[in-house]
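The values are calculated or read from the model by the stated rules, or taken from the named source; none is laboratory data. Note that the coordinates shown come from a computational prediction; the quantities given were computed from them, not determined experimentally. So basically every Cβ, Gly included, is an ideal-geometry build from the backbone, and we count neighbours across all protein chains shown. Just so you know, the surface numbers come from the protein's heavy atoms only, side chains and all, with ligands and any DNA or RNA stripped out. Shrake-Rupley method; radii C 1.70, N 1.55, O 1.52, S 1.80 Å.
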Amino acid sequence: MKKVKFSFFCQNCGHQSPKWLGKCPSCNQWNPFVEEEIRSDPRTDRSEYAMSEAPLSINAIVSDEKERISTGMAEMDRVLGGGLVGGSVVLVGGDPGIGKSTLLLQVLSRMAQNNLKVLYISGEESAKQIKLRGRRIGASSDNLMILVEISLENILQQIKAIAPAVVVIDSIQTVYSPVLSSAPGSVGQVRETAEQLILLSKKSGIPVFLIGHVTKDGAIAGPKVLEHMVDTVLYFEGDSGHAYRIIRGIKNRFGPTHEIGVFEMRDNGLNEVSNPSAFFLAERPEGAPGSVVAPSIEGTRPILIEIQSLVHPTNFGLPRRTAIGVDHNRVALLVAVMDKICGLHLSNHDIYLNVVGGVRVDEPAIDLGIVSSMASSFLDRPIDAGTVVLGEIGLTGEIRGVSQMDARIREAARMGFNRCILPKTQTHDISRETKIALNKISNLKELIEHLF
Ligand code: TYD
Ligand code: MG
């Protein structure tokens, strides 16, 4: 009888250990280990792993770059870097209920309308439930095929038989391969099933979307390994309490990363937001202390974001510092610089800082925005509603230049802002025809003079 081997696998990152451990040495998660079978029989038929016969000169390889397939949704195409690439595998992660199934059903429905035969495979919902959702989003096309299935074998067989233009697997955690005895959704199963689907995609050239669940701390559940295997990783984020949704590129072998697409969830599904600046600034309170607008670059496009803060004397004990949408260490650093350079003593104040709209901004170009917002709330003086600020702040209070200055300023001008406070060092990047007043500053002290 064949001996079955078992080992323990971290359900978060896929780390393998011969014995049970309380804490994963690789990703430092507590209690993630589950015993799973190791696939011991090496595939007898190795031919399925063969890709091509002999090495080719790079000049002899025909590139099919032009053959990007449009998803029918401009925001989705943008995040993918201009459309889907044949034979690519895209992982879409996101919290439960955020709208992953809705988004991909919508994408398939649009593609079906463009006369492409597409296949939506679900292991989570019945065909009737999918039909109900389809009715809400207006999906009706003979080209949109639905398959409810969790067996990998059947899935592979059906994809080969139908040969669709695109396949969606909703979700990779429900797909089950009988080669392994472990439960669907375990690291071993996810890795095995994803591997088979990726192989099929590469050989047949059919692009595949894999939907993946996300754990409470934001990683794609189970296998971080999955992120390395696929070509593109997209995260679908947003707050289920709000209508906006953001799809963000984390990894992309065929396009720019950190590109975002913005959607709004309505009762007829997801609607594209083609002017995100207007969307994020829609509810801005004018003349309220603590609110300021800063032009940020998300991927390749500028987006105006509103930063709000509330600075309030601490009543007892340690002051509280909360920053949503920006790095809180950066905020702590800027508070120290404000204290030292401008004499704005925030050390005994609670600080709550928020980037409105649920966007996360990780670039130093919004330093000036963060400081302006905190200063405005601290001094209880509003910032002029037609002003935007941008620039990085150094530890000695100097204002440093930022990338893509011209694009940011153009976006601010387009949205009707009439004044921009920016680093003095960088004014040569700005085209002459901008109709916006430029206040050039070189250190933090000047910022306060210009703001109020
Ligand atoms: P869903 O796509 O099922 O999420 P996921 O697959 O990521 O778990 O999203 C379902 C949510 O979206 C649910 O809370 C209802 C909401 N929704 C709408 O608001 N409008 C719609 O037209 C649809 C189809 C869903
Ligand atoms: Mg779903």
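Restricting attention to the stretch 332-375, which residues are part of a helix (DSSP H, G or I) and without any contact (Cβ under 8 Å) to a residue 40 or more places away in the chain?
Keep residues of the stretch 332-375 that are part of a helix (DSSP H, G or I), which gives 332-342, 364-375.
Answer for the stretch 332-375, where residues must be part of a helix (DSSP H, G or I) and without any contact (Cβ under 8 Å) to a residue 40 or more places away in the chain: Ala332, Val335, Ala336, Asp339, Pro364, Asp367.
Identify, by number, the condition in (1) of a type in the set (A, V, I, L, M, F, W, C); (2) modelled with pLDDT under 85; (3) more than 17 Å from Gly325 (Cβ to Cβ) that Phe209 doesn't meet.
(2)
So Val388 clears everything in (1) outside any helix (DSSP H, G or I); (2) at pLDDT below 90; (3) of a type outside the set (S, T, N, Q) except one condition, right? Which one?
Going through (1) outside any helix (DSSP H, G or I); (2) at pLDDT below 90; (3) of a type outside the set (S, T, N, Q) one by one, Val388 breaks only (2).
Checking Ile247 against (1) within 13 Å of ligand 1 (Cβ to nearest atom); (2) in contact with a Pro (Cβ under 7 Å, 6 or more places away or on another chain), which single condition isn't satisfied?
(2)
What residue, among those in the stretch 94-130 that are within 16 Å of ligand 1 (Cβ to nearest atom), at pLDDT 90 or above and in a strand (DSSP E or B), is nearest to Pro184 (Cα to Cα)? Let's see the steps before the verdict.
The first filter runs over the stretch 94-130 and keeps only residues within 16 Å of ligand 1 (Cβ to nearest atom), leaving 94-110, 120-130.
Narrowing further to those that are at pLDDT 90 or above: 99-110, 120-130.
Within this subset, residues satisfying the condition of being in a strand (DSSP E or B) are 120-122.
Values: Tyr120: 19, Ile121: 16, Ser122: 14 Å.
Step by step, filter the stretch 94-130, then rank; the result is Ser122.
Taking the stated definitions as given, is Gly86 open to solvent by 10 Å² or more (accessible area, probe 1.4 Å), away from ligand 2 (no atom under 16 Å from the Cβ), closer than 26 Å to Asn275 by Cβ and of a type in the set (Gly, Ala, Ser)? Outline the logic, then answer.
Values: open to solvent by 10 Å² or more (accessible area, probe 1.4 Å): yes; away from ligand 2 (no atom under 16 Å from the Cβ): yes; closer than 26 Å to Asn275 by Cβ: no; of a type in the set (Gly, Ala, Ser): yes.
Considered against the rule, which asks whether it is open to solvent by 10 Å² or more (accessible area, probe 1.4 Å), away from ligand 2 (no atom under 16 Å from the Cβ), closer than 26 Å to Asn275 by Cβ and of a type in the set (Gly, Ala, Ser), Gly86 comes out as no.
Go through the stretch 142-178 and count every residue that is part of a helix (DSSP H, G or I) and open to solvent by 40 Å² or more (accessible area, probe 1.4 Å).
The first filter runs over the stretch 142-178 and keeps only residues part of a helix (DSSP H, G or I), leaving 152-162, 172-174.
Cutting the leftovers down to open to solvent by 40 Å² or more (accessible area, probe 1.4 Å) gives us 153-154, 157-158, 160-162.
Within the stretch 142-178, residues that are part of a helix (DSSP H, G or I) and open to solvent by 40 Å² or more (accessible area, probe 1.4 Å) number 7.
Do you know which residues across the stretch 281-312 are among the polar types (S, T, N, Q), over 19 Å from Arg414 (Cβ atoms) and either open to solvent by less than 50 Å² (accessible area, probe 1.4 Å) or in contact with a Cys (Cβ under 7 Å, 6 or more places away or on another chain) (or both)?
Matches in the stretch 281-312: Ser291, Ser309.
Give me the strands (runs of 3 or more DSSP E) completely within the stretch 241-314, filtered to those with at least 3 residues that are more than 27 Å from Gly97 (Cβ to Cβ) and in contact (Cβ under 8 Å) with a residue 24 or more places away in the chain, ordered by residue number. Can you show your working first?
Numbers: elements: 244-252, 260-266, 269-272, 291-298, 301-313.
Answer list for the stretch 241-314: 291-298, 301-313.
Specify the residue that is surrounded by the most Cβ atoms within 10 Å (Cβ to Cβ); the eligible residues are those in the stretch 98-141 that are near ligand 2 (Cβ under 10 Å from one of its atoms) and within 20 Å of Glu75 (Cα to Cα).
Leu103
Hey, among the residues in the stretch 254-280 that are aromatic (Phe, Trp, Tyr) and more than 21 Å from Leu91 (Cα to Cα), which one's most open to solvent (accessible area, probe 1.4 Å)?
Step one: list which residues in the stretch 254-280 are aromatic (Phe, Trp, Tyr), which gives 254, 263, 279-280.
Filter once more, so that each one left must be more than 21 Å from Leu91 (Cα to Cα): 279-280.
Details: Phe279: 58, Phe280: 9 Å².
Here the answer is Phe279.
Scan Ser376, Ser372 and give me the residue that is touching a Gly at 6+ places or on another chain (Cβ under 8 Å), farther than 25 Å from Arg248 by Cα and open to solvent by less than 20 Å² (accessible area, probe 1.4 Å).
Working: Ser372 fails: touching a Gly at 6+ places or on another chain (Cβ under 8 Å).
Exactly one of Ser376, Ser372 is touching a Gly at 6+ places or on another chain (Cβ under 8 Å), farther than 25 Å from Arg248 by Cα and open to solvent by less than 20 Å² (accessible area, probe 1.4 Å), namely Ser376.
Looking at (1) under 17 Å from the mean Cα position of the chain (by Cα); (2) within 16 Å of Ile305 (Cα to Cα), which is the one condition that is false for Ile247?
Condition not satisfied by Ile247: (2).
Checking the condition in a loop (DSSP other than H, G, I, E, B), among the aromatic types (Phe, Trp, Tyr) and not assigned by TED's automatic domain parsing to the domain that holds Asp239, which residue from Phe417, Phe378 passes? Before you say what the answer is, go through the steps one by one.
Details: Phe378 fails: in a loop (DSSP other than H, G, I, E, B).
Testing whether each residue is in a loop (DSSP other than H, G, I, E, B), among the aromatic types (Phe, Trp, Tyr) and not assigned by TED's automatic domain parsing to the domain that holds Asp239 leaves just Phe417.
Could you please give the count of residues in the stretch 53-82 that are surrounded by fewer than 16 Cβ atoms within 10 Å (Cβ to Cβ) and in a helix (DSSP H, G or I)?
The initial filter retains those residues of the stretch 53-82 that are surrounded by fewer than 16 Cβ atoms within 10 Å (Cβ to Cβ), namely 53-67, 74, 82.
Retained after the next criterion (residues that are in a helix (DSSP H, G or I)): 58-60, 65-67, 74.
Within the stretch 53-82, residues that are surrounded by fewer than 16 Cβ atoms within 10 Å (Cβ to Cβ) and in a helix (DSSP H, G or I) number 7.
Can you tell me which of Ser151, Ser140 is within 16 Å of ligand 1 (Cβ to nearest atom), over 14 Å from Thr102 (Cβ atoms) and in the same structural domain as Asn268 (by TED's automatic domain parsing)? So that I can check it myself, show each step before the final result.
Values: Ser151 fails: within 16 Å of ligand 1 (Cβ to nearest atom).
Of the residues listed, the single one that is within 16 Å of ligand 1 (Cβ to nearest atom), over 14 Å from Thr102 (Cβ atoms) and in the same structural domain as Asn268 (by TED's automatic domain parsing) is Ser140.
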